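Colleague: Before I ask anything, here is the structure I am working with.
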Amino acid sequence: GINAEYGEQMNPERFTNIIKHYANTPTGPSKIFLGVGVALATLAITGKFWYNVEGGHRAIIFNKIVGVKQKVYREGTHLKLPWFDKPVIYDVRSKPRSIPSLTGSKDLQMVKITLRVLSKPVAEDLPVIYQTLGLDYDDRVLPSIVNEVLKSVVAQFNASQLITQRELVSGLIKNRLLERAADFHISLDDVSITHLSFGTEYSAAVEAKQVAQQEAERAKFIVEKAQQDKLSAIVRAKGEAESALLLGSAIRNNPNFLELRRLEAAREIAEKLAESQNKVYLYSDSLLLNVLAKEHASEFQGEE
């Protein structure tokens, strides 16, 4: 057995002998004390005089006479009165909870938002929470205030702004939700948007808009390309015209210009043939290689 006063281990045989000793006592008061002692020992052994509060938890006491006591008990072992005191244990660690909501934007588009919150009760206000909300305080409060705050904030933005200004939207939701949760003695450690989607009609409209923008960009590119091709053709034509004028002027001013070009062409052909490993037998006049033909012809005409 366990000694309720000192918490020491007691020999069961010794405990039994004590009970028998008092039971054999003839006096009436002794039997009364024996009964009280046996009752107290039984309560001590079965743990009716104390209760344990685990780590990350807090406890309050509901007394059948005075009601809920305002003291909050921390971790450890605490005493209580049997039949009168009922300990109520609360978990004060942060708990995650995802709450979906369907609301409308400023441009009347339906938006599906999932909000994840980390919540816990304010430990000092547990008596008030138990009196007003009970043990399932988060189920009673969080879904309603989250939907209320989401509808009020999302209604201030267009559907496109919810995507481009997501950080601003998340900040407004967090600030307003902190204020509303404080009214119910609930603390929020974190609030974040985990999912954001739109209706099928809006998604189809966005996709069609993106396709139209891509088509417009493609048409714009084709027009710009055509304009560049036109400018390129004009510049090329001007260059060819100027080249023809310069070529004509060079031929008029210097009759040997064509002979110079013929010699340059003959040199290029000779270089190409020299690089080849094959043996080639061709008529030199057709390849412009007979550069001395004109001189021989002029000498022959002079001899005649």
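The values are calculated or read from the model by the stated rules, or taken from the named source; none is laboratory data. Every value quoted in this text rests on a predicted model; they were computed, and no experiment measured them. We place every Cβ from the backbone using ideal geometry, glycine too, and count neighbours over all the protein chains shown. Remember, those area values only see protein heavy atoms, side chains included, never the ligands or the DNA or RNA. Shrake-Rupley method; radii C 1.70, N 1.55, O 1.52, S 1.80 Å.
Colleague: Starting from the residue with the highest accessible area, list His195, His78 in decreasing order, probe 1.4 Å.
Modeller: His195, His78
Colleague: Another one. Going toward the positive end of the dipole of region 93-240, with +1 on Lys and Arg Cβ and -1 on Asp and Glu Cβ, which of Pro127, Ser192, Thr164 do you reach last?
Modeller: Thr164
Colleague: In addition: Subtract the Cα-Cα distance of Ala212 and Arg267 from 0.36 nm times their separation in residues, and report this length gain in nm to one decimal.
Modeller: That works out to 14.0 nm of additional length.
Colleague: May I pose another question? Using 1/(1 + (r/R0)^6) with R0 = 35 angstrom and r between the beta carbons of Gln161 and Asp190, what's the FRET efficiency to the nearest 0.05?
Modeller: That gives a FRET efficiency of 0.90.
Colleague: Longer than 30 Å from Cα to Cα, which of Lys151/Lys220; Lys174/Lys209; Lys71/Lys151; Lys95/Lys151; Lys106/Lys220; Lys106/Lys209 are they? Say none if no pair is.
Modeller: Beyond 30 Å between Cα atoms: Lys151/Lys220; Lys174/Lys209; Lys71/Lys151; Lys106/Lys220.
Colleague: Need one number: nm distance between label points at Ala123 and Lys238, each 7 Å from Cα along Cα→Cβ, rounded to one decimal.
Modeller: For the pair Ala123/Lys238, the computed spacing is 8.4 nm.
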